[in-house]
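The values are calculated or read from the model by the stated rules, or taken from the named source; none is laboratory data. Quantities reported herein were computed from a predicted structural model and do not represent experimental measurements. Cβ placement follows ideal geometry from the backbone for every residue including glycine, while neighbour counts extend to all protein chains displayed.
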Amino acid sequence: MTATAIFPDPSETVAESGFLAVSGSHRALGKTAGAALDALSGQLADDESSSLIMVQSMKPDRFFNAAQKERMQQLMQAWQDSPETTQPPAELLAVLDEELKATIERSKALLNQRA
């Protein structure tokens, strides 16, 4: 399964692009998170399209703080400003991995609240 992340589009240069969906070297913009995901799904091969989708608040929390979110937005903006770069930079991938781990921990905390 390929990890897919959807973020508010930090560039806001195109009126229709409210969200950026990223999966590996693929990226797509959409007015909504769902539109970005749909646009991204069209780029993925069959073996890349299996996904678990979680929707969460984009506010900082104890799992992924404000400084981490700000750095992630800076890195995403820099990547978008470099259209010739198709592969995300290593630091951006590392921050996205941190966000994914935070999502997992956030999910565990939610499940523990329900138990």
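Return the residue satisfying two criteria in turn: it lies in the range 31-77 and is part of a loop (DSSP other than H, G, I, E, B) and hydroxyl-bearing (Ser, Thr, Tyr), and of such residues it is modelled with the highest pLDDT. The selected residue is 32.
Applying the condition of being aliphatic (A, V, I, L, M) and surrounded by 13 or more Cβ atoms within 10 Å (Cβ to Cβ) to the range 59-93 and asking which residue is nearest to residue 3 (Cα to Cα) yields 93. In the range 71-83, the residues that are touching a residue at least 24 places away in the same chain (Cβ under 8 Å) and more than 15 Å from residue 25 (Cα to Cα) form Cβ pairs under 8 Å with partners that are of a type in the set (Asp, Glu) and part of a helix (DSSP H, G or I), at six or more places apart or across chains, as follows: 72/99.
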